[in-house]
Structures are given as structure tokens and as C-alpha cells.
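Taking it in order: structure first as C-alpha cells, then the write-up.
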Amino acid sequence: MFKNYFKIAWRNLFRNKIYSLINIAGLALGMTMVLLIAIWINDELSINKSFKNYNSIVRVLVSSLQNGQVETDRGVPAPLAPEMQNKMGSDFKAIGRLIYTDHSGYTYGKTKVTRAGNLYVDRSIMRILDLKMTQGGPKALDNVSSIIIDRTLAHDLFGKTDPMNKIVQLENNQSVRVTGVYEDIPEPAEFCWIHSFLTWDQQYLDHPEALQQPDNQKDWILYQDRWDIPYTQMIAQLQDHADLEKVSAKIKTILNGHGRTDHAEVLLHPMSKWHLYDEFKNGKNTGGDIEFVKMFGVIGFFVLLLACINFMNLSTARSERRAREVGIRKSVGSLRVQLIIQFLGESILIAFIAMCFSLVLAYLALPAFNKLAEKEIPFPWTSQLFWIGILLFTGITGLIAGSYPAFYLSSFNAVKVLKGTIKAGRLAAMPRKVLVVLQFSISIALIVGTLVIFQQIRYANNRPIGYNRNGLLTIYRNTPESFRNYDVMRRELMANHTVLDMALSTGPITQNWAKVGGWNWTGNTSHADPILGWMGLSPSFGRTVGWTFLRGRDFSADRPGDTSSIILSESALRVMGLKDPLNSIVTSIYGEHKDQQMRVIGIIKDVIQESPFTKNLPMVYSMNLAPKWLSQVNIRLNPANSFGHSVELLQAAYKKYVPDAPLQYAVVSEEFAKNFALEQRIGTLALIFSSFAIFISCLGLFGLASFTAEQRTREIGVRKVLGASLLNLWSLLSKEFLLLVLISSAIALPAAYLFMHNWLDRYDYRTVISIWIFVATLAAALLITLVTVSFQSIKASLANPVTSLRSE
């Protein structure tokens, strides 16, 4: 019996080649989209799961009152770790602190290697992360001058030479001994870009030789007991018996009694939520990238649903071709359940053929998809779970796609079919019209969502950023020589007109590396204690980046008193409420500015140093001449030269004055563009999915138009004989579909508005959804409908009426 079903299904595929091809193509495209989305979602959900202690690792966060709002940060004070160990040690297997460095240079003999960064850590981090040591052991970081490196760095730095106990010089001239090698942390995972771990500076307190280290490490020692400076991060591993909620409740107020005036509370954030649930509002975890996972999961479901609807409509459009077959089979004794099984079997066969094509398409599209998603996801050919999922997915898709045609076709009355008296009628066409409305409702909603995303990106991109990013470069000081020779290099580059100006800063213009509390100022009667961003810089920084002054003046190297002066952003001015800001006195408890009276000499327009989708961070800028802090070189290129020529001259000068380190620069406009990377990817993916949704919907519309034209063949012939023009007939067959699209728009547009309005709420700086988006979407939907339906309408209208009437 099943062999016979298969033969009939196979013959029907080849008997209706065009419709079979459209059915398979629609399902294959829908399945391809679902496969790519599923692979991406699986990768997102698997991040960090390579860590053995994944389910028990937590990150320690601090929520505090900042400028009237509760903000949650990763930065915690260094003394918090021993405090937690003393008071709550029974709840944790290990507690460890860590400090990131953005760039790291390693030198061994004549070999020099630069990597993205490393970590200064407590030795307990090795146990928490369960690093797979290939050389060395759990005590590899016990010595103050120890460093452990991954296998990739060991190979690049030492080649085939045994790295153990080799002395490596870091970019700050510190010499360390390699005491261990560990397996690379696999992607995707936290810390996968970290290539080395160094001993935590807490150990310097136990070693007098630490005082001989560079000044920046002395400063770190001074911060070991500072509860007001959140300069470190902290992770921990819970005991097996520990309950996360109970431990979180116990640790919540541990910062009380340490001089904090910001109502600080400690939170434990489990590793399982680090990647997808990293968004906090008012001290509560509100989600994060999980929203995008859900969004694309829903999109994938709807794209597949569109493909299934398309299959249903095309199948029922050919119903009269199968009606006589159903009648004959019923007349010779076939039961309805047997017919249902036959038709479902046909749809499952088509689904499996479509899946074969979709696997090939998904494999070919994966490299481009990876590039768009900025991932390196391999195709899971060797995964048994993947193939089990494929079989289930294909079978379920075939059942869903074939369900309506199977039950519809098997319901025909044998006597009426064989007499030729079966009529579809208006009510019989209603389910297909409902499906088309559903198809276009989904497609229209996707189009609106895509347009709103791109409107939000454009809105944020047009936001004033407070400086001129064009022609601006940033160089990270990856060796002390780059600072010692900075002045002479600057004079030479300005003299030969390679650059217009250069300046030093404690961080890049596109990021904020320090947020500081403990401010006070003249007239602060409310005793406000705002959290302000801070950046130290050299005198020519404002000219280099192109600040816009609202009041006052810039720093000047000719005014020694400017070392105790500051410049405020307009947001900082509003937060502090200074009515007459110039020459106002501000004090801070921060670092080297502790209790120092600083005079306000200027107010500038806000500079966007964080995401352009968020509120401007109130900023304080101070003139800083200490080499230990000034890690960035900011360069304004001369626009009279080409970019390539300017970079060549810059490289030559850098090689001349900093011969032992390669020039590593970042183009500020490109760094700023990275702020839009996530939204840009979402918009591009939504555009792709919307395009495929529209295409699949058009196939469904084509099916319904085909069905309608087939049902009204005799009517069209009669009308042509009576003198109906081509335009009359085209209008007759098209207006019904335009009405369906208008109904779809009436459903989709309000729903899309509500959904995207809620989506925009995640941004502080957000656009207003424009009316033109809905007008353009409606116009596009109507135009697409006309183009799709016109083919069948015109074809039917041009048919010879004699042939049409003779068919009766």
C-alpha cells in the first residue's frame, strides 16, 4: 500500500512540474531560513557552556544610585573579595578578582607578539574557570612574577621551544616567568580572547620587591583597601549545596558600613545569563540579547509558516485536477483515512526533497551568514542531534503543510465529483483567502519592523557627537618608548604636515574607561554626589578631536595652573546645577585628585563616548601629564594628504622613534560605527527575512490567483464573448486580491506599530515611528500584489474564449 502511495506521489510530482517546483522552492527557502536561524540560536545559547563549572559560576555586580537612577556595573571595589571570603566563605568554593588590559605586548629575545589583552587575576581564577593546563599546575600563579599563557601564544612566542620558566618582557617593561601553559579557551565563550593570565597585584603586598615595580602597579597596591574605587571585576564559584537566590539575599547589603553613600547593593549574576541576560534597569535584570534570540526565533517560525501556507494554497489551487482521482478511489472502496495518509505522504515527500535542497542552500549561505553575524559557526554535519532534529523538523513541516490539502481533498463527495457537479463556491475559497491574509499580514509586519530598525539607526547616527571623527586616529601606547619619544615625534609629524595635531589621553574618544563618584563643589547645598565620567588628557586634546566650547577656554600648556583645572560637559553642568560654572571650585575623592581643589575653566558640548543610543554621560576632563595614565595617542591627520600617504608617513615616524613595537592604530570613524553593529546586523537580517517572506507570500498569492483563474475559466470566456476588454477582465481578477492585501494591512500595521514601539523603549535615545513607513509599506504591498496577480490575470484574459467554453 505504501509503495503504491509513493508511486502516485512521485508521478504527481512530475505530472505537475511547474507547481511541484514552486512547492519545493517555497518550502526549501523557508526551511533554509529556519536552519540558519536555528544554527545561530543554538550558537547563542551555547556560549560559555564549554566551562566545566558553567552552572555554578557567578559574576559579582554592584547596583548603586547614580545621578538619580539605579545603575548596575561590573566594577567592584577590590576589598570586596576578602570581605566575601571572610563573611560568606562557606557559600563559595572560590572567589577571584580580575583586571582586563586592552592590549598586551610580549617579548622573548627577538620575537615580539601583540595580543588583544590579558588578565591580572587571583590564582583562584584558575580553579573557577577550570583551565586545562598542558604544562604547569594549579599553583602556577603562586609567584608574584608568574604568567600562564595559552597554547596559541606559546607557539607564536616560542615556536617549538619549551616555554616553561622562560622570562618574557611585557609592554610595561615588567619581566615575568612562564609557569604554565593552558589549552585555548574555545569560542564562543567569555575570556576566549584572553591569551594570558598574570598574578593579581594583591600579592605585591607580601613582597617588598613589588615596590620596585612601575608606578602604575604601586597605584594598584594603594587601591587594595579603597571601597570607593570600583576598579576591578570579580567572579566566584558557588558551593554545590548553595542556593543562588539565598546567597544573593545574604550578600545584598555587604557593602554597608564601608563609607558608601550611594545605596550600593551587591548582585550575583550567573554565567548562564552573562551573554543573553546582561541588561539591567533600576537594579533588576531585564533581559538583553535574549530578546533578539526570541525575535529571530519567532521570525523563523513565521517564515516557515508562510512556506507551509504557500504549499497549502498551491495544493488546493490544483484541487480540481485531483478531484476525479479522489472520486474514483472512493468509488472503488478507499476510505477517507487512506486518502488523508496518501496526501500527507505526498507533502512529506515534497518536504524531504525541499529539505535536501535547503541543506545545500544553508551550507552555501553559512559563510555569508557568519560574516553578517560576526561569528564562525561551523555547519553541524557530524552532530547526531542535528540530524535527529532535521528528520523531526522535516516530518512535522510536511504534516503541517499537507494537513489542509489532505483533509480538504479527501472530503470531496465521490458521486458529485464523478458527475462533474462539484463546485467550490465562495465559502470554499474562504480558508485560502484567510491564509493569504495571514501571509501578507506577517510579511507587512516584517517590512515595517525592518524600516523602523533602519530609521532608528539613522536617527542615532545623525545625533551630534560633540567632536569631528573624520580623519581622527587613535594609537594605543604598546611600549613605554611611544611615550618617551612622543614630544619629538609630534613636533616632526606636525612640521612635515602629516598631522594637524596630536594629543594624549587616558582612554579612547569612543569609550569611557572611568566613572567616578565623591564629587563636591561650590554651592552644593543638596549634598548631591553624582557619578561622572572622567578622562585625563594632554593640553592639545580639544584641538585634536575638535571640541565645541559653549563657555570658557581649553587647556593650555603655557598655563601651569591648568593642571588643577577641569572642563565639564554640558550634561555634567546640568547634573551639578552650577549656575555660574566658570571659576567654580570642584573637589573629588578620586585618586591623585583626592581632596584637590579644581577650577572649572570651560564647558563643552556633550561628547558621545558610549553608545549613541543611550543618554550622554556627564564628563569631567582634567589635564594630566602623568605617563602612567596616558595610554592613548590621538592624531588628527592632515586632510591635504591622502589617508594612505598619511599612514605611511606615520608608520615611518613610529618606526623611527618606537623601533621595537608595531604601529597599531584605530580609525575613530570606524570605531564609532561599531556602536551600530548590533542594530545594523539585526536590520540586515530582518531585511533578508522580510524579502524571503514577501517572495514566499507571492508564491502563495500566485497559487490563489491560479486557482481563481481556473475556477472562473468559463465566466471569463463568456465575458470576452460579450465584449469585455482586457482591462475589465484584469480588474475583475485583481480587485479581490487587492482587498485581501488591504485587510492584511489593516491587521499588520497596528500590530507592527505596537511591537516596534515597545522595541524602541529599550533605547534612551530613540526615534519616533514615521507615518511614511506605513504609507510606503502599504504601497509596496499593493504593488507587489498587482505584479504577482497580473501574470495569471492577463494570461486568463488573453485565453481564447472558444477554447474556454468548449471545455464545458
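If you bin all the Cα-Cα distances of region 224-275 at 10 Å, starting from zero, the percentages per bin are 19, 49, 29, 3. Inter-label distance, Thr134 to Ser90: 4.3 nm, where each label sits 7 Å from its Cα along the C-beta direction. Listed values for region 293-300 are Karplus-derived 3J(HN,Hα) couplings in whole Hz (6.51 cos²θ - 1.76 cosθ + 1.60, θ = phi - 60°), namely 4, 5, 4, 6, x, 5, 4, x, and x replaces Gly and Pro. Residue separation of Asp184 and Lys375 scaled by 0.36 nm, minus their Cα-Cα distance, works out to 67.0 nm of gained length. Close amide H partners of Ser146, meaning residues 5 or more places away or on another chain with modelled amide H under 5 Å apart, are Arg177, Thr199.
Shown for region 532-573: the carbon plus sulfur share of the solvent-accessible area, taken with all protein chains present and a 1.4 angstrom probe, equals 49%.
Return an integer: the convex hull volume of the alpha-carbon atoms of region 120-178, in Å³ per residue.
Values: hull volume 5.2 nm³, N = 59.
Taking the convex hull of the Cα positions in region 120-178, it is 88 Å³ per residue.
Under 5 Å from the amide H of Gln135 lie the amide H atoms of Val181, each residue being 5 or more positions distant or on a separate chain, with H modelled from the backbone and absent for Pro and chain starts. The HN-Hα couplings worked out from phi for region 137-143 by the Karplus form 6.51 cos²θ - 1.76 cosθ + 1.60 (θ = phi - 60°) are x, x, 9, 4, 9, 5, 8 Hz, whole numbers, x standing for Gly and Pro.
Other residues with beta-carbon under 12 Å from the beta-carbon of Ala249 carry, at +1 per Lys or Arg and -1 per Asp or Glu, a net charge of -1. Note that region 438-518 presents 36 Å² accessible area per residue, ligands and nucleic acids not counted, probe 1.4 Å.
When the listed pairs Lys132/Lys246; Lys294/Lys735; Lys93/Lys132 are checked against a 27 Å cut-off, the alpha-carbon distance exceeds it for Lys132/Lys246; Lys294/Lys735. For region 611-621, 3J(HN,Hα) computed residue by residue from phi via the Karplus equation (6.51, -1.76, 1.60; θ = phi - 60°) reads 5, x, 8, 10, 5, 5, 7, x, 10, 10, 10 Hz, glycine and proline entered as x.
Three semi-axes describe the equivalent ellipsoid of region 27-68; taken as square roots of 5 times the Cα gyration tensor eigenvalues and ordered largest first, they are 36, 19, 5 Å. Compared with the direct C-alpha span, the chain from Arg458 to Leu45 gains 145.7 nm at full extension, assuming 0.36 nm per residue.
Taking amide hydrogens as placed 1.01 Å from N in the peptide plane, the amide H of Val620 sits under 5 Å from those of Gly533, Trp534, Met535, each at least 5 positions away in sequence or on another chain.
The values are calculated or read from the model by the stated rules, or taken from the named source; none is laboratory data. Computed from a predicted model, the values in this text were never measured in an experiment. Every residue, glycine as well, gets a Cβ built from its backbone with ideal geometry; the counts of neighbours run over all protein chains shown. We work out accessible area using only protein heavy atoms, side chains counted, and drop any ligands, DNA or RNA first. Shrake-Rupley method; radii C 1.70, N 1.55, O 1.52, S 1.80 Å.
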